[in-house]
Amino acid sequence: MHDTTVQPEHPPEHPPERALWPALRKGFCRKCPNCGRGPILKSYLKVRETCPVCCEDLSHHRADDGPAYLTILIVGHLMAPLLHVTFTQFRPEPLVLFTIFGVGTVTLSLYLLPRLKGAIVAFQWARFMHGFGEDR
């Protein structure tokens, strides 16, 4: 006897895979992790409810403090050794050192923060976290 039952392509507990690295790249560029064309943010750090191009639901994200922690981690690990090397090799005046590294730290932080938020939302989307993919 032949079994005539149709097996689902992907059981509910194992949704289809989403490519992680392309999603992270799209998220870092502040684009929708699904289509890569629509903007993921509607202001500096506010995530859109849905993508305006492909209508992907982005409201499930839980980025919270993750982007800020990653920004601090990256900026700190870049600027601390650079500050040490600059101080020991060139011995600039303290005010010059403070001004250059203060501006550099703030600029790098403001550059990375929305990009890391997009990457975290894209990571959550790619891994079906916090409700992403419930409609499948």
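What follows is calculated from the coordinates using simple rules that are stated; it is not laboratory data. Bear in mind that the values here come from a model prediction, so they are computed numbers and not experimental data. A quick note on method: Cβ atoms are made from the backbone with ideal geometry, for glycine too, and the neighbour counts reach across all protein chains shown.
Points worth noting:
- Net +/- balance of residues flanking Lys31 in space, Cβ distance below 10 Å, scoring K and R +1, D and E -1: +4
- Spin-label pair Arg18/Thr107, simplified geometry with 7 Å Cα→Cβ offset, distance in nm: 3.5 nm
- At R0 = 41 Å, FRET efficiency that the Cβ-Cβ distance of Thr88 and Cys29 yields, to 0.05: 0.65
- Taking Cβ separations below 4.7 Å as the criterion for a possible disulfide partner, the isolated cysteines in the chain are Cys29, Cys55.
- In summary, the helical segments of the chain meeting the span-like criteria, namely a full DSSP H run, a Cα extent along the axis of 24 angstrom or more and a mean Kyte-Doolittle hydropathy of at least 1.0, are 66-90, 94-126.
- Approximating the spin labels as points 7 Å out from Cα along Cα→Cβ, the Asp64-to-Met79 distance works out to 2.5 nm.
- Long-range amide H partners of Thr50 with built H, under 5 Å: Leu58
- Restricting the calculation to Cα atoms, every distinct pair contributes to the Kirkwood radius of the chain, found to be 17.4 Å.
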